[in-house]
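This report concerns only the one structure given below.
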Amino acid sequence: MTSLRRNIPLLYAFSFLQMTLFPMAVITLFWKDHIGLSLSQILLLQSIFAVAMVVMEYPSGYISDRVGYRTALTFASILGILGWGVYTTASSFQDVLIAEILLGISTSFISGTDSALLYESLKGTGEEPAYARYEGRSTGFGQTGEAAGALFAGVLYARYPLLPFILQVGVWVLALLLTRGLTEPQREQRHPGGHLKEALASARYVFIENRRLRVTILLSIVLGISSFYPVWLIQPYMRDAGVPIASFGPIWAGANLTVAIFAVLSHRVRERLGERGMILLLVVLVGGGYLGLGWTAGTWGFLFYYLLTAMRGMRGPFLLHVAQAEIPSANRAGMLSLQSLCFRLLFAITGPLVGMYADTCGVGKTFQLLFIAFLLVLPPLVYLFLKNRHITVPLLFIFLFSEIWSTFFFHISKLMI
């Protein structure tokens, strides 16, 4: 039990290192200015990254359940070193593509595995009911790491464009050393049978048999992708608005600190508002963020991005806890990876289209289009989530909620004509 308890701070540290992404705050500029990529190529690149994760997402989670969580995280760290190492010599789209594929596979081995190891470690120490609080702290450490990496990113990039990437290799060397101290928890044994049969059974459980898990995953995916598009669009948005490049690092750090703070507070907000209030708050933050980004011009317009990062922070611990409670121990990492697989697949399909629209019509217009898209998709998913959680949704509330969004849609459509 003592060794399992030690996993928790080690996972916090791993999350911090994993998210200490020195290049992230300036990587879009690196791609555009030093590699010569367009926004459509950048979104295509991220779609290929997503495809690499889609291909490996569920297999990596399944492998993690079989070979052990510590082994999977060790392998992911090695791939991280190789991927960022390729970046230090990249000079073309093909070079960046190789690096992104390596990093995509690395991320797929982490996705689901870290959360599964945290949950099983807490289960082994009798602290399973407090999972949301610990997951929030883990997210908080991760986003604090990203904020720390981004804080001086603009200055490092201005001094020597490859310096952020060189530092990133060192970060993953530290992560590799850290994984050696993790302890593998005792878990339920898998069901006997072939690997393919078991993998299909897991997928059937997630997408067909467990309706509450299915709806939870769908809502989590849509909320997650609503905060993911701006990650790749906010840098050109800020440059077009006249934000100095030297400010990109602190602004990116502020965004990640916002994620960290609201991730840590997520369980408290859930206790105060309840599940219904929590979900509605997340939807309002998405709407407010895109509304501000799409229709507010000027140097300070990027602040509306912080509404989306606040939503991102609260969403993760809350919906992960809901999903974890529905997943059997023997296949935990694999089933969590299925959620990430669907997320990456959705981005792989839509990302290039969003990038092409941004190249053609501008980033501001793209945020307007995304505002309308999420305005249409989120309310039905919220209703299904609350219904399957056996939370009463008064008819008057449904009517008012739909009327508010319909009114918004009507007025915004008139503005765009």
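The values are calculated or read from the model by the stated rules, or taken from the named source; none is laboratory data. Please read these numbers as outputs of a predicted model, since none were measured by experiment. Here Cβ is always computed from backbone atoms with ideal geometry, including for glycine, and neighbour counts include all displayed protein chains. Quick note on the areas: whole protein, heavy atoms, side chains included, nothing else; ligands and nucleic acids left out. Shrake-Rupley method; radii C 1.70, N 1.55, O 1.52, S 1.80 Å.
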task: Would you check if there is a residue in the stretch 301-313 being within 25 Å of residue 376 (Cβ to Cβ), open to solvent by 20 Å² or more (accessible area, probe 1.4 Å) and either of a type in the set (D, E, K, R) or in contact with a Cys (Cβ under 9 Å, 6 or more places away or on another chain) (or both)?
output: yes
- line: Of (1) at pLDDT below 85; (2) within 18 Å of residue 336 (Cβ to Cβ); (3) among the aliphatic types (A, V, I, L, M), residue 150 fails just (2)
Residue count, the stretch 325-362 (criterion: more than 23 Å from residue 211 (Cβ to Cβ) and acidic (Asp, Glu)): 1
query: What's the number of the condition residue 41 fails, among (1) polar (S, T, N, Q); (2) open to solvent by less than 20 Å² (accessible area, probe 1.4 Å); (3) farther than 25 Å from residue 186 by Cα; (4) in contact with a Phe, Trp or Tyr (Cβ under 7 Å, 6 or more places away or on another chain)?
result: (2)
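Residues of the stretch 350-362 being in a helix (DSSP H, G or I) and either open to solvent by 10 Å² or more (accessible area, probe 1.4 Å) or more than 10 Å from residue 233 (Cα to Cα) (or both), which ones?
Answer for the stretch 350-362, where residues must be in a helix (DSSP H, G or I) and either open to solvent by 10 Å² or more (accessible area, probe 1.4 Å) or more than 10 Å from residue 233 (Cα to Cα) (or both): 350, 351, 352, 353, 354, 356, 357, 359, 360, 361.
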query: Which condition number in (1) open to solvent by 20 Å² or more (accessible area, probe 1.4 Å); (2) within 25 Å of residue 135 (Cβ to Cβ); (3) not aliphatic (A, V, I, L, M) is the one that residue 365 fails?
result: (2)
field: Members of the stretch 225-246 found to be open to solvent by 40 Å² or more (accessible area, probe 1.4 Å) and within 16 Å of residue 151 (Cα to Cα), listed by number
entry: 244, 245, 246
query: Just checking, how many residues over the stretch 225-255 are under 30 Å from residue 322 (Cα atoms) and either hydroxyl-bearing (Ser, Thr, Tyr) or at pLDDT 80 or above (or both)?
result: 9
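Can you go through 182, 213, 219 and tell me which one is surrounded by 15 or more Cβ atoms within 10 Å (Cβ to Cβ), at pLDDT 90 or above and closer than 22 Å to residue 345 by Cα?
On inspection, the qualifying residue turns out to be 219.
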- request: Answer with yes or no whether residue 54 is among the hydrophobic types (A, V, I, L, M, F, W, C) and either at pLDDT below 85 or touching a strand residue (DSSP E or B) at 6+ places or on another chain (Cβ under 7 Å) (or both).
  value: yes
- request: Considering only the stretch 18-51, state which residues are at pLDDT 85 or above and more than 25 Å from residue 353 (Cβ to Cβ).
  value: 18, 19, 20, 21, 22, 23
query: Which ranges mark the helices (runs of 4 or more DSSP H) fully within the stretch 76-177 that have 1 or more residues being open to solvent by 20 Å² or more (accessible area, probe 1.4 Å), out of contact with any Asp or Glu (no Cβ under 8 Å at 6 or more places or on another chain) and of a type in the set (S, T, N, Q)?
result: 93-110, 131-151
- prompt: Filtering the stretch 1-42 down to residues that are of a type in the set (Ser, Thr, Tyr) and over 30 Å from residue 125 (Cβ atoms), which residue is nearest to the chain's Cα centre (by Cα)?
  reply: 28
- request: Considering (1) closer than 30 Å to residue 37 by Cβ; (2) at pLDDT below 90, say which one residue 83 fails and leave the rest.
  value: (2)
- prompt: Can residue 52 be described as open to solvent by less than 10 Å² (accessible area, probe 1.4 Å) and aliphatic (A, V, I, L, M)?
  reply: no
message: Can you find, within the stretch 314-339, the residue that is nearest to residue 108 (Cα to Cα) among those that are open to solvent by 20 Å² or more (accessible area, probe 1.4 Å) and part of a helix (DSSP H, G or I)?
response: 339
